[in-house]
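Data first, discussion second: the structure below is written as C-alpha cells.
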Amino acid sequence: QVQLVESGGGLVQPGGSLRLSCAASISAFSSKTMGWYRQAPGKQRELVALIGSSGGTNGADSVKGRFTISRDNAKSTVYLQMNSLKPEDTAVYYCNIVPAVRNYWGQGTQVTVSS
C-alpha cells in the first residue's frame, strides 16, 4: 500500500522560507518521477515542481527561482525548499508521483504566508 506523508508546513511571513518533506512508502521509489502539488482555497490542485528518477527537475513559472525540489532515494523522501515566499503561495501542499494517482494523495501540509 502506497503511503505519502507530508510535513514541514507552517505560518511564515512574506519573504520567509520553509522546507517541506515527503516520506514515501512506495515500491521502486528511485524510479518514480515525484512531484509537489498545491491547492489553494477555491482553486484546483496544481503541480508546482517535479523531479525525475535521474534528478532532473522542472517547476511552474510561478515558483521558478524560488522553490527547489530534491530527493533522497536512500530515505525515500522528497523535499521542497521554498524561499522568498509570497502570500499567493498559501495552500495545502501535497506530494505524489507524476502524473498523480488519485489513491496516493496524503493529508498534505498547510503553508500559510502572511504578515
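Summarising the strand pairing of the chain, around 90 percent of its internal DSSP beta bridges are antiparallel.
Annotation: for a label point projected 7 angstrom from Cα along Cα→Cβ of residue 73, residues of region 9-32 with backbone N closer than 20 Å are 22-32.
Counting other Cβ atoms within 10 Å, which trypsin sites (Lys or Arg not before Pro) in region 1-103 have at most 14 and lie in a DSSP loop?
Numbers: sites: 19, 32, 38, 43, 45, 64, 66, 71, 75, 102; in loops: 32, 43, 45, 64, 66, 75.
Qualifying residues, ordered by number: 43, 64, 75.
One chain, two ends: residue 43 and residue 84. Fully extended at 0.36 nm per residue, the span grows by 12.6 nm beyond their Cα-Cα distance.
The stretch between residue 7 and residue 19 holds 3.4 nm of extra length on full extension. This uses 0.36 nm per residue minus the Cα-Cα distance. Average accessible surface for region 11-78: 53 Å² per residue, computed with a 1.4 Å probe over protein heavy atoms with every protein chain in place.
Per-residue 3J(HN,Hα) values for region 20-35, derived from phi via the Karplus relation 6.51 cos²θ - 1.76 cosθ + 1.60 with θ = phi - 60°, read 9, 10, 9, 8, 10, 10, 8, 5, 6, 3, 5, 8, 8, 7, 10, x Hz in sequence order (x marks Gly and Pro). Across the chain, the fraction of Cα-Cα pairs farther apart than 16 Å, rounded to a whole number, is 55%. Ranked from largest to smallest solvent-accessible area, with a 1.4 Å probe on the protein heavy atoms, 37, 93, 104 come out as 104, 37, 93.
The residues 6, 46, sorted by heavy-atom accessible surface at 1.4 Å with ligands and nucleic acids left out, run 46, 6 from largest to smallest. Karplus-based coupling profile of region 2-18, in residue order and whole Hz: 7, 9, 10, 10, 8, 7, x, x, x, 9, 9, 7, x, x, x, 10, 9, with θ = phi - 60° in 6.51 cos²θ - 1.76 cosθ + 1.60 and x standing for Gly or Pro.
Which parts of region 74-99 would a label at residue 115 reach, counting a residue when its backbone N lies under 14 Å from a point 7 Å out along Cα-to-Cβ? Inside the label zone: 85-88. Taken one residue at a time, the phi angles of region 56-72 give Karplus couplings (6.51, -1.76, 1.60, θ = phi - 60°) of x, 10, 8, x, 5, 4, 5, 10, 4, x, 10, 9, 10, 9, 8, 9, 10 Hz. Gly and Pro are set to x.
The values are calculated or read from the model by the stated rules, or taken from the named source; none is laboratory data. Everything numeric in this text was worked out from a predicted model, so none of it was measured. Heads up, the Cβs are rebuilt from the backbone with ideal geometry, glycines too, and the neighbour counts pull from every protein chain shown. These area figures cover heavy atoms from the full protein model, side chains too; ligands, DNA and RNA do not enter into them. Shrake-Rupley method; radii C 1.70, N 1.55, O 1.52, S 1.80 Å.
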